[in-house]
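Participant: Next up is a structure, given as structure tokens.
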Amino acid sequence: MSALISTVRASLSYRGREGHWLWLLHRVSGLGVLLFLILHVAGMSSAFISIEIHDRLLEMYKTPLFSIGELALAFGLIFHAVNGTRIAILELKPELWQKQQLATRLAIIIVVLLAAPTIIIMALGSINAFFGPAAGH
Amino acid sequence: MIKVHLKIKRFNPEKDKKPWWGEYDVEVEPTDRVLDAIHEVKWNIDGTLALRRSCAHGVCGSDAMRINGRNRLACHRLIRDEIQNGQITIEPLLGLRVIKDLIVDMEPFFAHYRSIMPYLVNDTDPGPRERLQSPEDRARFDDTTKCILCAACTTSCPSFWARGEYVGPAAIVQAHRFIFDSRDQGAAERLEVLGDSNGVWRCRTVFNCTEACPRGIEVTKAIGEVKQAIATGKVR
Ligand code: HEM
Ligand code: HEM
Ligand code: SF4
Ligand code: FES
């Protein structure tokens, strides 16, 4: 446990460059999506136990807190997929390492290009659902 | 001369329960090295400050430390390049036990170094002359001959912080220097060591090591080449 704490502390205090922070975000997003997946499958399985619990869970998903969580999930997935592709390419072609700064910037640009519209559309949809004319239905 | 406020992380396990920040004001030239500022503290302000250094010219590899949060050689960095708002922060390397102040226990680091057989392995008779090699074959591993075993790379690696058993970038660089040497015959044995669970596959391609290396060695690339040699079984 103390090894975990000292590793987390070192990871946050070392002033690495982009690669360091992308690595941290890759791990956090990977574990975050994994956590979601576990809860997701558990939530879906609740239908086997009781349709009532299942329905109540589905109602819960329609609250603002979960809508914000959905945005984080969408960003996490997009980031993880794009950054994971960057890592895989660099792993397979070590000779490309000199372009790693470029690869990092490209990955960030692609993430922003994909995530920005996704998050805006999702957020607008949620805002409409919560505050729009049909709110509460 | 300019004034520099030095913040140095101090820890004497015989006296201190926890590390603490020593703060010192020194006057140095902007073109002095960070090491000169530390000497100013040790020689004129507080002689109990403990650090390693020997050559003071970036050759021996003994004064790697964390300067403004990044692994650097103190004798390699100029004051004017490191000073931020009149201040420079200095800490010991991460991931190795602090013996005192800026001195860490390098033994685990050197144990990893020894584990990859950092010497030429070749039992054939070289004859009356040295073993010859073409300039191209020599160039193949030129980059990794430059390592001075300062540990800046290994102690900048998140995988090493998380697991001290990971051989670390420096040992892989040293292994690379022999694996890709046409005169050497120990590649299979070294790849065996580096292919196990504490070998190259702990590398997450973070590039902290490449960024930290004071010799400008392409550390992540060397690790990538060793990964490929293990994955394909071919040493090229
Ligand atoms: C969408 C396609 C995906 C791609 C291209 C991808 C790619 C990658 C790559 C290349 C790594 C290795 C990172 C490294 O060596 O530093 C990785 C790690 C990881 N991935 Fe993914 N992944 C994807 C989807 C997912 C999903 C859906 C989950 C969770 C359910 C996930 C969870 C993780 C975790 C937990 C790690 C370990 C993180 C670490 O070692 O720091 N990934 N991923
Ligand atoms: C917030 C966005 C998401 C929504 C609204 C959603 C909704 C659903 C629904 C309604 C089902 C049941 C489908 C059926 O049984 O016919 C399902 C199944 C599933 N989803 Fe998602 N999903 C989302 C995100 C994800 C993500 C990001 C992953 C992967 C990391 C994922 C993985 C799965 C898997 C593996 C199943 C099948 C397992 C099961 O039914 O329990 N989902 N999802
Ligand atoms: S590869 Fe560079 S950073 Fe690592 S030990 Fe050798 S000289 Fe130091
Ligand atoms: S004192 Fe020798 S490398 Fe800095």
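Readers should treat all values here as calculations from the given coordinates under stated rules, not as data from a laboratory. Because the structure is predicted, anything quoted here is derived from the model rather than measured. All Cβ positions, even for glycine, are placed from backbone atoms using ideal geometry, and neighbour counts span all protein chains on display.
Participant: Could you list, by residue number, the cysteines of chain B that have no other cysteine's beta carbon within less than 4.7 Å of their beta carbon?
Facilitator: B:CYS75, B:CYS147, B:CYS150, B:CYS157, B:CYS203, B:CYS213
Participant: Provide a whole-number value for the mean count of partner chain Cβ atoms within 10 Å of the Cβ atoms in peptide A:5-18. The partial results should precede the final answer.
Facilitator: Details: counts 0, 4, 8, 3, 2, 9, 5, 0, 4, 14, 9, 12, 7, 3.
Shielding by partners across A:5-18 averages 6.
Participant: Report the chymotrypsin sites (Phe, Trp or Tyr not before Pro) located in region A:28-136 that are in a DSSP loop and have at most 13 other Cβ atoms inside 10 Å of their Cβ, or state none.
Facilitator: On the way: sites: A:PHE36, A:PHE48, A:TYR61, A:PHE66, A:PHE75, A:PHE79, A:TRP97, A:PHE130, A:PHE131; in loops: A:TYR61.
Filter output for region A:28-136: A:TYR61.
Participant: Moving on. Counting only C-alpha contacts under 8 Å and six or more residues apart, can you give the relative contact order of chain B as a whole percent? It would help to have the intermediate numbers written out before the result.
Facilitator: Numbers: 410 pairs, mean separation 41.6, N = 236.
Relative CO of chain B lands at 18 percent.
Participant: If eta is 0.890 mPa s and T is 25 °C, what Stokes-Einstein diffusion coefficient results for the protein assembly as shown, Kirkwood Rh from Cα pairs, in µm²/s? Don't skip to the end; give the middle numbers.
Facilitator: Numbers: Rh = 23.9 Å.
In µm²/s, the coefficient rounds to 103.
Participant: Residues of B:222-229, mean number of Cβ from any other protein chain within 10 Å of their own Cβ, rounded to a whole number?
Facilitator: Values: counts 2, 3, 8, 3, 1, 3, 5, 0.
Rounded to a whole number, the mean comes out at 3.
Participant: To the nearest whole number, what is the average tally of beta carbon atoms from other chains within 10 Å of the beta carbons of peptide B:86-98? Don't jump to the answer; show the numbers that get you there.
Facilitator: Details: counts 0, 0, 0, 1, 0, 2, 0, 0, 7, 4, 0, 0, 0.
What the average comes to for B:86-98 is 1.
Participant: Between helix A:64-92 and chain A, what is the angle of the helix's C-alpha long axis to the longest principal axis, kept within 0 to 90° and rounded to the nearest 10?
Facilitator: Once rounded, one gets 30 degrees.
Participant: Still on this model: Against the longest principal axis of chain B, how steep is helix B:168-179, in degrees 0 to 90 to the nearest 10, with axes from Cα atoms?
Facilitator: So the helix axis and the longest Cα principal axis differ by about 40 degrees.
Participant: What percent do you get for the relative contact order of chain A when only Cα pairs under 8 Å and 6+ apart count?
Facilitator: Details: 62 pairs, mean separation 35.1, N = 137.
Answer for chain A is 26 percent.
Participant: Quick one: Debye curve from the alpha-carbon atoms of chain A only, equal weights, vacuum; give me log10 I(q)/I(0) at q = 0.16 Å⁻¹ to two decimals.
Facilitator: With no solvent term, the Cα-only Debye profile gives -0.99.
Participant: B:HIS5 label point, 7 Å along Cα→Cβ, cut-off 18 Å on backbone N: hits in region B:41-64?
Facilitator: Residues B:41 fall inside that zone.
Participant: Run the simple label-point estimate for A:LEU124 and A:ARG15 please: 7 Å along Cα→C-beta, distance reported in nm.
Facilitator: Result for the modelled spin labels: 4.2 nm.
Participant: Would region B:1-60 count as rounded, prolate or oblate if I go by the C-alpha gyration tensor, calling it rounded below 1.5 in a/c and otherwise prolate when a/b exceeds b/c, oblate otherwise?
Facilitator: oblate
Participant: In whole angstrom, how far apart do the alpha carbon centroids of region B:86-121 and region A:22-82 sit?
Facilitator: Using only Cα atoms, the two centres lie 42 Å from each other.
Participant: Here is a further query. Within a 10 angstrom radius of the beta carbon, how do B:ASP36, B:ASP181, B:ASP196 rank from fewest other beta carbons to most?
Facilitator: On the way: B:ASP36 18, B:ASP181 23, B:ASP196 12.
Fewest-to-most Cβ neighbours within 10 Å comes out as B:ASP196, B:ASP36, B:ASP181.
Participant: DSSP loop trypsin sites (Lys or Arg not before Pro) in region B:103-187 with at most 11 other Cβ atoms within 10 Å of their Cβ, which ones? Walk me through the intermediate numbers first.
Facilitator: On the way: sites: B:ARG114, B:ARG129, B:ARG131, B:ARG138, B:ARG140, B:LYS146, B:ARG163, B:ARG177, B:ARG183; in loops: B:ARG129, B:ARG131, B:ARG163, B:ARG183.
Hits after loop and neighbour filter: B:ARG129.
Participant: To check you understand DSSP bridge types, tell me what percent of the beta bridges within chain B (both residues inside) are antiparallel, rounded to 5. Show your work: numbers first, answer last.
Facilitator: Numbers: 19 of 23 bridges.
If we restrict to bridges inside chain B, about 85 percent are antiparallel.
Participant: Something else about it: Could you tell me the center-to-center distance, by alpha carbons, between region B:25-76 and region B:195-236 in angstrom?
Facilitator: 30 Å
Participant: Between B:GLY127, B:GLY216, B:GLY61, where does the largest GNM mean-square fluctuation fall for chain B, given springs only between Cα atoms within less than 10 Å?
Facilitator: Between B:GLY127, B:GLY216, B:GLY61, it is B:GLY127 that shows the largest mean-square fluctuation.
Participant: If you count the DSSP beta bridges with both ends in the protein assembly as shown, what percent of them are antiparallel, to the nearest 5? Before the final figure, lay out the partial values.
Facilitator: Numbers: 19 of 23 bridges.
Once the DSSP bridges in the protein assembly as shown are tallied, antiparallel ones form about 85 percent.
Participant: From a point 7 Å beyond the Cα of B:LYS146 in the direction of its Cβ, which residues of region B:179-196 have a backbone N at a distance under 19 Å?
Facilitator: Hits in region B:179-196 for B:LYS146 at 19 Å: B:179-181.
Participant: Additional query: Which FRET efficiency, nearest 0.05, do B:ARG183 and A:LEU34 yield, Cβ-Cβ r, R0 56 Å? Please list the in-between numbers first.
Facilitator: Working: r = 47 Å, r/R0 = 0.84.
Given R0 = 56 Å and the Cβ-Cβ separation, E is 0.75.
Participant: Of B:LEU49, B:LEU132, B:LEU149, which has the largest mean-square fluctuation in a 10 Å C-alpha GNM of chain B?
Facilitator: The residue that fluctuates most here is B:LEU132.
Participant: Semi-axes of chain B's equivalent ellipsoid from the Cα gyration tensor, sqrt of 5 times each eigenvalue, largest first, rounded to whole Å? Working shown, then result.
Facilitator: Working: eigenvalues 276, 72, 47 Å².
Ellipsoid semi-axes (Å, largest first): 37, 19, 15.
Participant: Additional query: Quick one: longest stretch of chain B between exposed loop GluC sites (Glu not before Pro), exposed meaning at most 10 other C-beta atoms within 10 Å and loop per DSSP? Kindly include the intermediate steps, with their values, before the conclusion.
Facilitator: Working: sites that count: B:GLU14, B:GLU130.
For GluC sites (Glu not before Pro) (loop position, at most 10 other Cβ atoms within 10 Å), the longest site-free span of chain B is B:15-129.
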